[in-house]
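The values are calculated or read from the model by the stated rules, or taken from the named source; none is laboratory data. Remember, it's a predicted structure, so these values are computed and weren't measured experimentally. Ideal geometry is used to build each Cβ from the backbone, glycine not excepted, and the neighbour counts take in all protein chains shown.
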Amino acid sequence: MEETEKPKGILVWPIVKLASLTKKGWPGWTVLIGLIIVISIVIMTILAPYISPYDPNALNTGPIFGPPCPAHPFGTNHLGQDMFSRVLWGGSTMLQVALLSVLICFAVGVPIGLFSSYIGGNLDKVISLIMDSIYAFPGLILAIAIAVMLGRGVVNMALSIAVIYIPSYFRIVRSQVLTIKEMTYVEAARAIGAKKRTILARYILPNVIPSIVTVATINFADAVLTAAGLTFLGWGVEVDVPDWGWDLYYGRQYLPSRAWWIIFFPGLMIILLALGFTFIGEGLSEILNPRLREGE
Amino acid sequence: MKVEKLRTYYFTRHGVVKAVDNVTFEIYKGETLGLVGESGCGKSTLGFSIIKLVPPPGRIVDGKIIFEGKNLVEASEDEMRKIRGKKIAMVFQDPMTSLNPLMRIGDHIVELILTHEKVTKEKALEKAEKLLDELGISRERINDYPHQFSGGMRQRVMIGLALALNPDLVIADEPTTALDVIVEAQILNLMKKLKENYNLTLILITHNIGIVAEMADKIGVMYAGKLVEFSESLPLFENPLHPYTEALLEAVPNIKLSEQTLKWIPGSPPNLLNPIKGCRFAPRCKYAKKICSEKEPELIEIEKGRFVACHLRK
């Protein structure tokens, strides 16, 4: 693997790998752009403690409601906090929540969908009914309700987002499996005496994965937005944790007094992060399908 | 192999569809049986019944399938799994969808071998390469995906998959229906060659009488879930006993007789939900008599090796 290569290789390998994406045509570029956006934001968040000019929670670092200027490139808010520092710091919660919620959804929604629709019958009907009733709820409201029950914190936010997303995974997996299990190649697999386990793992699951990846990336994008929404409504993280959602919450009150920079920059970051994930999802869903691969 | 009074019904919401109704026949090792009949007459269901893969809501309700001295109808799912692919193999109608699009061609063959034999992956791969040679497919393509293969090549792979473990019986369900005539001829030749090499028994399900004429030793004609005629191949073509067989043979287009208008059988097969009383072909039969619509004819042996279910032949 990469580790055994020369030290230089560790640095070059990912770049070479990423550059090869562009050979896959337009979807490759989409994934690349999405990856660049997301990775930049991740790096920015990790490096925030070292590169931010001020403590994100320090008060009166400059004038109150100071518009962007060389000392405070993104301006200052109502407490005189440096918005640039806050933007650098503020992605961490969202990224953690998004990643965790996608992992939970994946681990729960996919197996349930797979077994439920492969086995079928009454079990499938009951599970579908439960999933559909969760799905029928407006997502954000359900997330708020669960977040209120569980309390604040990253894991609780991730859980409440996961609950509203599991039905999406379930539904997409279930409908895909319903189509795929009728395909002749699944029947052919049965006709060669393959075990149920083999059929699920080798014939059905791999054919479902591309659709799941698409849902997962859209889930990422939506989790970012829902996390922002939860924090905005006061059910996300504690107030002393710098977060784009909090900045939106406080900043919106000062928009009438034309302090646009307080919500503009955090808002832009949320949009960029969501956009990055969406790009990756759209591109991957085309690349992962060998039938749509070009030039092979 | 022997099929006795087999009944496979589909239990739908609208009622019971008797897709295979009281079918009895026998074939011997090395023989080719051609099953012919119109669409929806139960040919494929019969094929699926033998390997016990009738899709739900279908079920074998009665009868026996004796294969190598064993009644498959009573065999457990576990026993069946060991028979499928190893002793009885199946070739499907549509080669475009019968291979997993995400698995390499070689992996299909390797998987089959590993399912039934305790060999290493390398050995299996070696065997897969040999098999590709036999199918006339270049070894280099073992790592290709199905979408990189043409329809004819995929069907060759399917046939290879069916024959890889040297089974005793192969059920081919319309193996060339989705292919053009040139490829069809290639596939049929390949099947003939392999059949002779392996001395296997073949059940060829098709609606193409031309194929049957070329390949089959015995022919079973099915109509509305019933086996109406079962006979050696040649005598059936020379002198069809059942009016339906006769009509079926007349309906084959002949390229040399361009002036002749194509004959067809008026009407369509009866609804299998509520089969009519008497002979099921009676409403479309030009020789139908009074008894035909009153009493159902039974399959009886008229001459040696010639069975027919028709009142006119008594």
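Inspect the stretch A:32-41 for any residue being at pLDDT 70 or above, polar (S, T, N, Q) and closer than 15 Å to A:Leu284 by Cβ and give the result as yes or no. No - not one qualifying residue is present in the stretch A:32-41.
Would you check if B:Glu122 is within 30 Å of B:Ala213 (Cβ to Cβ) and more than 10 Å from chain A (Cβ to nearest Cβ)?
Values: within 30 Å of B:Ala213 (Cβ to Cβ): no; more than 10 Å from chain A (Cβ to nearest Cβ): yes.
Answer is no for this residue.
Filtering A:Val186, A:Val177 for residues that are over 29 Å from A:Val31 (Cα atoms), at pLDDT 85 or above and not in a loop (DSSP other than H, G, I, E, B) leaves a single hit, A:Val186. Here is the figure for the stretch B:212-236: residues that are of a type in the set (A, V, I, L, M) and surrounded by fewer than 22 Cβ atoms within 10 Å (Cβ to Cβ) total 3. All of (1) within 17 Å of B:Ile205 (Cα to Cα); (2) touching a Lys or Arg at 6+ places or on another chain (Cβ under 8 Å) hold for B:Asn71 with one exception: (1).
From the list A:Ile204, A:Ile166, A:Ile209, A:Ile172, exactly one residue is part of a helix (DSSP H, G or I), in contact (Cβ under 8 Å) with a residue 12 or more places away in the chain and touching a Gly at 6+ places or on another chain (Cβ under 6 Å). Which is it? Spell out how you get there, then give the answer.
Details: A:Ile204 fails: touching a Gly at 6+ places or on another chain (Cβ under 6 Å); A:Ile209 fails: touching a Gly at 6+ places or on another chain (Cβ under 6 Å); A:Ile172 fails: touching a Gly at 6+ places or on another chain (Cβ under 6 Å).
Result of the check over A:Ile204, A:Ile166, A:Ile209, A:Ile172: A:Ile166.
Annotation: B:Leu161 fulfils all but one of (1) assigned to a helix (DSSP H, G or I); (2) under 26 Å from B:Leu53 (Cβ atoms); (3) away from chain A (no Cβ under 14 Å); the unmet one is (3). Taking first residues from the stretch B:45-66 that are at positive phi and partners that are surrounded by 15 or more Cβ atoms within 10 Å (Cβ to Cβ), the Cβ contacts under 6 Å between residues at least 6 apart in sequence or on separate chains come to B:Lys52/B:Met80; B:Gly63/B:Glu4; B:Gly63/B:Leu6; B:Gly63/B:Arg7. Annotation note: of A:Leu140, A:Leu159, the sole residue that is modelled with pLDDT of 90 or more, away from chain B (no Cβ under 14 Å) and under 19 Å from the mean Cα position of the chain (by Cα) is A:Leu159. With respect to being closer than 15 Å to A:Trp235 by Cβ and part of a helix (DSSP H, G or I), A:Ile141 fits the description.
Return the residue satisfying two criteria in turn: it lies in the stretch A:38-92 and is touching a Ser or Thr at 6+ places or on another chain (Cβ under 8 Å) and among the polar types (S, T, N, Q), and of such residues it is surrounded by the fewest Cβ atoms within 10 Å (Cβ to Cβ). Here the answer is A:Ser52. Residues in the stretch A:172-182 that are facing chain B (nearest Cβ under 10 Å) and buried (at least 19 other Cβ atoms within 10 Å of the Cβ): A:Ile180 alone.
Counting only residues that are part of a loop (DSSP other than H, G, I, E, B), more than 18 Å from the chain's Cα centre (by Cα) and at the interface with chain A (Cβ under 9 Å from one of its Cβ atoms), the stretch B:87-109 holds 7 of them. I'm trying to understand the selection: among the residues of the stretch A:141-153, which are surrounded by fewer than 18 Cβ atoms within 10 Å (Cβ to Cβ) and in contact with a Ser or Thr (Cβ under 7 Å, 6 or more places away or on another chain)? A:Leu150, the sole residue that qualifies. As a summary of the residue check, B:Thr8 satisfies the conditions (1) surrounded by 22 or more Cβ atoms within 10 Å (Cβ to Cβ); (2) within 11 Å of chain A (Cβ to nearest Cβ); (3) in contact with a helix residue (DSSP H, G or I) (Cβ under 8 Å, 6 or more places away or on another chain) except for the one numbered (2). Regarding the stretch A:261-275, can at least one residue be identified that is small (Gly, Ala, Ser) and at pLDDT below 85? Within the stretch A:261-275 (the criterion being small (Gly, Ala, Ser) and at pLDDT below 85), the answer is no, since none of the residues qualifies. Scanning the stretch B:65-85 for residues that are within 13 Å of chain A (Cβ to nearest Cβ), modelled with pLDDT under 85 and either in a strand (DSSP E or B) or surrounded by 16 or more Cβ atoms within 10 Å (Cβ to Cβ) (or both) turns up B:Ala75, B:Gly85. Restricted to the stretch B:232-261, and to residues there that are modelled with pLDDT under 80 and farther than 17 Å from B:Gly37 by Cα, the residue that is farthest from the chain's Cα centre (by Cα) is B:Glu259.
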